[in-house]
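Notes follow the structure.
The values are calculated or read from the model by the stated rules, or taken from the named source; none is laboratory data. As the structure is a computational prediction, the values presented were derived from the model and not from experiment. Because the Cβ atoms are built from the backbone with ideal geometry, glycine has one as well, and the counts that use them run over all protein chains shown.
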Amino acid sequence: MPSTVESSLVSLDFWAKPQVERDELFASLRAVQGPVFCPVPDEPGFYALTRYEEVAEASRNPEVFSSQPTAVSLVDPPPQVADYTGSMISIDDPRHARLRRIVSRSFTPRLIQRVTGDVTVLARRIVDELAECGPCDFVQHVAMPMPLQIICSMMGIPESAYAGVIDATNVILAIGDPDYVSPDGRDRPAVLVEKFSYLHALMADLGRLRREKPADDLVTALTHANVDGEALDDLDLGRFFALLVVAGNETTRNALAHALTLLTDNPAQRDTLLADMDARLPAAVEEIVRYASPVTWMRRTLTRDHELSGHVYRSGDRVILYYNSANRDGAVFKDPHAFDITRSPNPHVGFGAPGPHFCLGAHLARREITVLLRELYTRLPALHATAPPVRQRTSFINGITSLTCAF
């Protein structure tokens, strides 16, 4: 018989708790012999995969652990929302592989070179503005502008749309947060449709423009790409844009906010980083992503009966891959609750575990975090958080909505 976690993992109150309390619960779940089942009101519920090897095996085996009908919701999306959420992250091969090839081939060497230069220029401008304004909200002034502006620049989105894009991504990722929807959640589908519709309409308009007037941006490459006779239509383009701004923007933004918190709370680690920035930044970025685990989980649905860790899961069972827990698994990581920027090896699953759904933007995220941290701590070495972060009330993203800083 599976053990049962009554309501903790579906409770926003649990996800708003301090990190140490959440870590304690997941440590207890990893210690359980056998599966852990989590009931969901009026839904089938799900099994929590909390150990590293379980998460890795499920990720390597998409034929059994399917991303369809959704990878990003504990419950199946309502019909009015489903069309908007069927991006690459929530489909399986062979269509997933074809779409991924289209996107991958669109990242031309010229585009990558331009984006790399953009990251450096933007990082310098952000730190210039931070130095001028003084103490402020690190999320609003530093962590948020970097990924948002890079992604929108890549796609060719006009600056006039930036505010609407960030609003849509905030709401989509924090859709359970009562700050964004009514406490009973009845308006959740309508709010999701509104925000997804905005992103899709923005991309459809730009796609039509780029088909007629190509430019040096990712939308042009995507609208003219063709792999094995398949190209992106307006719906695919809108889904990809929503995935890119939601996953790419929020993941990098929250990794940067967690980085400031971690380097403030661990001054010895900060001193180690500053003593040899170039040598230690790459490992520091990996440890920040492991420790923060900006994306907390992904869902999979069993396509057939399958044995995992001695338990036979049944066709149709839902399992949640808890990356945050896998990244604290003592069977893989020595002293897993310590923040150690010299950690090696560090086979974290902060960008997903190896498999067909490993994060397509991992390289760009690493680049953004590295360049901005180097710029920040080279020019403002005394930068620190002045209060605990204000956490986003959501389970899917380990989000920070506000973090005051000074230097």
Would you pick out the residues in segment 315-329 that are surrounded by 13 or more Cβ atoms within 10 Å (Cβ to Cβ) and touching an Asp or Glu at 6+ places or on another chain (Cβ under 7 Å)? Arg328
I'd like the residue in segment 131-173 that is touching a strand residue (DSSP E or B) at 6+ places or on another chain (Cβ under 7 Å) and surrounded by 19 or more Cβ atoms within 10 Å (Cβ to Cβ) and, out of all such residues, is farthest from Thr261 (Cα to Cα). Leu173
Consider segment 134-160. How many of its residues are assigned to a helix (DSSP H, G or I) and either over 21 Å from the mean Cα position of the chain (by Cα) or more than 21 Å from Ala221 (Cβ to Cβ) (or both)? 10
Here's a check for you: in segment 255-281, which residue that is acidic (Asp, Glu) and within 13 Å of Thr342 (Cβ to Cβ) is surrounded by the most Cβ atoms within 10 Å (Cβ to Cβ)? Asp271
All positions within segment 371-406 that are over 23 Å from the mean Cα position of the chain (by Cα), part of a loop (DSSP other than H, G, I, E, B), over 20 Å from Tyr291 (Cβ atoms) and in contact (Cβ under 8 Å) with a residue 60 or more places away in the chain: Leu380, Pro381, Thr386
Considering each residue of segment 60-105, count those that are of a type in the set (S, T, N, Q), outside any helix (DSSP H, G or I) and closer than 24 Å to Asp217 by Cα, and give that number. 1
Near pairs, Cβ below 7 angstrom, 6+ apart or cross-chain, from segment 70-88 (surrounded by fewer than 20 Cβ atoms within 10 Å (Cβ to Cβ)) to any residue that is among the hydroxyl-bearing types (Ser, Thr, Tyr): Asp76/Thr70; Pro77/Thr70; Pro77/Thr85
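Go through the residues of segment 300-323 one by one and say whether even a single one is under 25 Å from Pro389 (Cα atoms), modelled with pLDDT of 95 or more and touching a Ser or Thr at 6+ places or on another chain (Cβ under 7 Å).
Yes: segment 300-323 contains one or more residues that are under 25 Å from Pro389 (Cα atoms), modelled with pLDDT of 95 or more and touching a Ser or Thr at 6+ places or on another chain (Cβ under 7 Å).
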Does Asp335 satisfy the criteria of being within 18 Å of Leu29 (Cα to Cα) and of a type in the set (Asp, Glu)? yes
So, in segment 352-370, of the ones that are assigned to a helix (DSSP H, G or I) and of a type in the set (A, V, I, L, M), which residue ends up surrounded by the most Cβ atoms within 10 Å (Cβ to Cβ)? Ile369
Residue count, segment 20-61 (criterion: within 20 Å of the chain's Cα centre (by Cα), surrounded by fewer than 16 Cβ atoms within 10 Å (Cβ to Cβ) and not charged (D, E, K, R)): 0
Considering every residue within segment 121-129, establish whether at least one is closer than 27 Å to Ala231 by Cα, modelled with pLDDT of 90 or more and either touching a Leu at 6+ places or on another chain (Cβ under 7 Å) or not β-branched (Val, Ile, Thr) (or both). no
Looking for something of a type outside the set (A, V, I, L, M), in contact with a Pro (Cβ under 8 Å, 6 or more places away or on another chain) and closer than 21 Å to Leu199 by Cα - is there at least one such residue anywhere in segment 97-110? yes
Quick one: how many residues across segment 328-361 are touching a residue at least 60 places away in the same chain (Cβ under 8 Å), over 19 Å from Thr251 (Cβ atoms) and of a type in the set (D, E, K, R)? 3
Checked Val332, Val312, Val289 against criteria (assigned to a loop (DSSP other than H, G, I, E, B) and either among the β-branched types (Val, Ile, Thr) or crowded, with 23+ Cβ neighbours inside 10 Å (or both)); the one match is Val332
Here's a check for you: in segment 1-15, which residue that is modelled with pLDDT of 85 or more and crowded, with 16+ Cβ neighbours inside 10 Å is farthest from Tyr47 (Cα to Cα)? Trp15
How about segment 16-55: which of its residues are modelled with pLDDT of 90 or more and small (Gly, Ala, Ser)? Ala27, Ser28, Ala31, Gly45, Ala48
With respect to Thr223, is the statement that it is among the β-branched types (Val, Ile, Thr), farther than 20 Å from Arg343 by Cβ and either surrounded by 21 or more Cβ atoms within 10 Å (Cβ to Cβ) or more than 24 Å from the chain's Cα centre (by Cα) (or both) true? yes
If you take the residues of segment 371-401 that are within 21 Å of Ile150 (Cα to Cα) and at pLDDT below 95, which of them is surrounded by the fewest Cβ atoms within 10 Å (Cβ to Cβ)? Thr401
Single condition Leu256 does not satisfy, out of (1) under 18 Å from the mean Cα position of the chain (by Cα); (2) not in a helix (DSSP H, G or I): (2)
Among the residues of segment 77-93, is there at least one that is modelled with pLDDT of 90 or more, more than 20 Å from the chain's Cα centre (by Cα) and not aliphatic (A, V, I, L, M)? yes
